[in-house]
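The structure appears right after this line, and notes come after that.
The values are calculated or read from the model by the stated rules, or taken from the named source; none is laboratory data. These numbers were taken from a predicted model, which means no experiment stands behind them. Please note: Cβ atoms are built from the backbone with ideal geometry, for glycine as well, and neighbour counts cover all protein chains shown.
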Protein chains: 2
Amino acid sequence: MSNPIVHVDLGERAYDIVIEAGALADIGTRCVDLFGAGKRVLMVSDANVAKFYVSGTEALLLRAGFQVSVIVLPAGESTKCVARLAEIWEEAVEARLDRKSFIVALGGGVIGDLAGFAAASFLRGIPFVQVPTSLLAMVDSAVGGKTGMNLPQGKNLVGAFHQPQMVLSDLSVLATLPARELHAGMAEVIKYGVIWDPEMFSFIESHVAEIKALDSEALHYLVKRSCEIKADVVRQDEREGGLRAILNFGHTLGHAIENVCGYGEWLHGEAIAMGMVYAAKISEVAHGFKADETDRLIALFKAFDLPVSWQGLEWGALYQAMTADKKAENALPKFVLAKEMGKVGLPEEVGMELLKKVYDDGA
Amino acid sequence: MSNPIVHVDLGERAYDIVIEAGALADIGTRCVDLFGAGKRVLMVSDANVAKFYVSGTEALLLRAGFQVSVIVLPAGESTKCVARLAEIWEEAVEARLDRKSFIVALGGGVIGDLAGFAAASFLRGIPFVQVPTSLLAMVDSAVGGKTGMNLPQGKNLVGAFHQPQMVLSDLSVLATLPARELHAGMAEVIKYGVIWDPEMFSFIESHVAEIKALDSEALHYLVKRSCEIKADVVRQDEREGGLRAILNFGHTLGHAIENVCGYGEWLHGEAIAMGMVYAAKISEVAHGFKADETDRLIALFKAFDLPVSWQGLEWGALYQAMTADKKAENALPKFVLAKEMGKVGLPEEVGMELLKKVYDDGA
């Protein structure tokens, strides 16, 4: 087996991502190494994950000598709200967490983002560990230190940059992940191919069946390579002043779709799959991105049962949501656009006429 | 007039504190210098301050070419809660703030802390300017980058370290500050004397009448010297890993009193005046702090009509609140204790017996 560790080099905020089938079994000892024995820990999870992993993980932490409290929230994007955040904060007080305590986020991106923001803000910041249980969280939201929550008006409008002390990605937990969510996670993996790594893109094209069957070598390669790419980008731009924005390829329309349809109708990966097709088509006009490459992208999304067309979504609502996106300066929407497979530029403003034309043309 | 600027040297997070009678008149030009013209700004204030300063400040910002939105919250400590924070966040969305926009916190410590945390967390952090309108905020809460809010279970349990881009302290606004609040602010000024500057302590002793009459030279000296001391401490320890904790002299009991009595019965300065007397009396036993110095402290608090006795407050409730304080590791209360006038140590645990004895002896 290859090296399970991706080191994220951020100076005094550096941390390891552990990627391994069965990694969860080591959570107790790894946390003792990081924090010392006997500390208080609050584990945050959701109802879906709780069915499989909460009591086992709690037992591992107890056996390692920690004082463990647990809060289980409802599953789903609507949990990423201020009322649930306040519940975590209040549970942290009840559990008497102090500045040497830590939070464990056991779940997908919703739990990781929300519990991470709770850790960033409770007592003005306490340590936390990400234990992502979805492919999307393993390759994206658990890595990079972005935490946050939604407001009624939009996604991730509130949050903090707060790096975890460790990310523990146990590939075996993907066995209990619904296929739809596995496929949505693949949308982000495919994104790394488009923005950074054409070889990985080709690998995915030639291993669709293995990936769908959860082949462990294929998954290990994809998760590790995705983390390496994200860690590389984040290391060069921790607080999103420049390069980091390329990770938002497909996200301008993607966030707008989530916002317009209400969180929950489309999974995040599904929304950004549509957004990536949209961005690729804009890229054809703006940067001569080849239509053949867009077609490869569409074919690959279809192979993972991901949506590629925004048909049926109303233009006015989408456009308004795109201009309200937090990356918009002076209310003009910006897009990360592709130049060739594996190479994108920094976000740039795109005029409404072109946006409307690509919308009208469809996928 | 002496130099109105205290520079807070925090590298890329460095900023200036402007201390001057009439400084508010320059807010527009100073913000243009900092942020560039035409940006969006959300001004956060409270109903008390709004009576005097909101419309004037709004006009100054508009005249400087900014796009200004305003949110006025109820006055008082109970505003420092999650519901009001959410109102600021949502107003920030309505006002279409982006990452180049900024927030102006126009008010006392409650507004500065809450609006500062809103700025720290909205879009994962946007710039903000502190315009403190109380003496307490000018000498303490507006300086140093601590932002936050209360939970039902305790004060300042949630927040972020987020440095402002500027602090604008207009000494003339103190003319509209109720005497009780001016005196409460003096408690923090006196604190700086005890922990750092025995000369300033003596100056206050010999200028009580001038200070109460808002003599501008005396106020300028006290506000500037307090900011210099706080900036010096914060520069050495921005995120409260060590030295910064000495600023909490008097705060262990002070916070407990505010918590037990409910926010609002005692002003923060009043609560920490009692807490400083309590800490001084513990210091007599623990470090040989001279009883004469405690007597000077009590006399000075009385000269500013500040409470010095915790008589009538119930021990059990206070002790429980002290152990729940966020500085408590493993639930043992810690105190900053004085060695001599102008010199204190880092927080140390104090046994329950001594705490109870000093409580019983009274002030």
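What to note about this one:
- Here the condition is being touching a strand residue (DSSP E or B) at 6+ places or on another chain (Cβ under 8 Å) and of a type in the set (Phe, Trp, Tyr); of A:PHE201, A:PHE161, it holds for A:PHE161 alone.
- Taken over region A:324-346, the residue count meeting the criterion of being modelled with pLDDT under 95, crowded, with 17+ Cβ neighbours inside 10 Å and not charged (D, E, K, R) is 3.
- Cβ-Cβ under 6 Å pairs, at least 6 apart or on other chains, region A:216-245 side closer than 23 Å to A:SER2 by Cα and modelled with pLDDT of 90 or more, far side in a helix (DSSP H, G or I) and among the acidic types (Asp, Glu): A:ALA218/A:GLU210
- The set of residues in region A:30-54 that are under 24 Å from A:LEU219 (Cβ atoms) and of a type outside the set (A, V, I, L, M) comprises A:ARG30, A:SER45, A:ASP46, A:ASN48, A:LYS51, A:PHE52, A:TYR53.
- Filtering region B:70-93 to residues that are within 14 Å of another protein chain (Cβ to nearest Cβ) and either out of contact with any strand residue (DSSP E or B) (no Cβ under 9 Å at 6 or more places or on another chain) or more than 20 Å from B:LEU136 (Cβ to Cβ) (or both) leaves B:VAL82, B:ALA83, B:LEU85, B:ALA86, B:GLU87, B:ILE88, B:TRP89, B:GLU90, B:GLU91, B:ALA92, B:VAL93.
- B:ASP46 vs. criteria touching a residue at least 60 places away in the same chain (Cβ under 8 Å) and within 21 Å of B:LEU151 (Cα to Cα): yes
- Where strands (runs of 3 or more DSSP E) sit wholly within region A:1-102, those with at least 2 residues that are in contact with an Asp or Glu (Cβ under 6 Å, 6 or more places away or on another chain) occupy A:5-8, A:67-73.
Residue-wise test of (1) touching a helix residue (DSSP H, G or I) at 6+ places or on another chain (Cβ under 9 Å); (2) free of Cβ contacts under 8 Å to residues at least 60 places away in the same chain; (3) at the interface with chain A (Cβ under 8 Å from one of its Cβ atoms).
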{"position": "B:ALA95", "(1), (2), (3)": "no, yes, no"}
{"position": "B:LYS100", "(1), (2), (3)": "yes, no, yes"}
{"position": "B:GLY116", "(1), (2), (3)": "yes, yes, no"}
{"position": "B:LEU123", "(1), (2), (3)": "yes, yes, yes"}
{"position": "B:VAL129", "(1), (2), (3)": "yes, no, no"}
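- Some residue of region A:61-79 being among the basic types (Lys, Arg) and either in contact (Cβ under 8 Å) with a residue 40 or more places away in the chain or not assigned by TED's automatic domain parsing to the domain that holds A:PRO164 (or both): no
- Residue match in region A:122-132 (condition: in contact with a Ser or Thr (Cβ under 7 Å, 6 or more places away or on another chain) and either closer than 23 Å to B:ALA120 by Cα or modelled with pLDDT under 95 (or both)): yes
- Residue list for region A:39-52, filter: buried (at least 20 other Cβ atoms within 10 Å of the Cβ), closer than 20 Å to A:ALA142 by Cα and not acidic (Asp, Glu): A:VAL41, A:LEU42, A:MET43, A:VAL44, A:SER45, A:ASN48, A:VAL49
- Residues located in region B:131-145, provided they are assigned to a strand (DSSP E or B) and either in contact (Cβ under 8 Å) with a residue 40 or more places away in the chain or among the aliphatic types (A, V, I, L, M) (or both): B:VAL131
- Residues being under 18 Å from A:GLY193 (Cα atoms) and hydroxyl-bearing (Ser, Thr, Tyr) are entirely absent from region A:311-322.
- Flag if A:MET352 is among the hydrophobic types (A, V, I, L, M, F, W, C) and more than 16 Å from A:ILE246 (Cβ to Cβ): yes
- Criterion applied to A:ALA321, A:ALA279 was being within 14 Å of another protein chain (Cβ to nearest Cβ) and either in contact with a strand residue (DSSP E or B) (Cβ under 8 Å, 6 or more places away or on another chain) or in a loop (DSSP other than H, G, I, E, B) (or both), and the one residue passing it is A:ALA321.
- Restricting attention to region A:131-158, the residues being over 10 Å from the mean Cα position of the chain (by Cα), of a type in the set (S, T, N, Q) and more than 9 Å from every other protein chain (Cβ to nearest Cβ) number 2.
- The criterion of being crowded, with 22+ Cβ neighbours inside 10 Å, part of a loop (DSSP other than H, G, I, E, B) and touching a residue at least 24 places away in the same chain (Cβ under 8 Å) holds for B:PHE289.
- Selection status of B:GLY148, at positive phi and among the small types (Gly, Ala, Ser): yes
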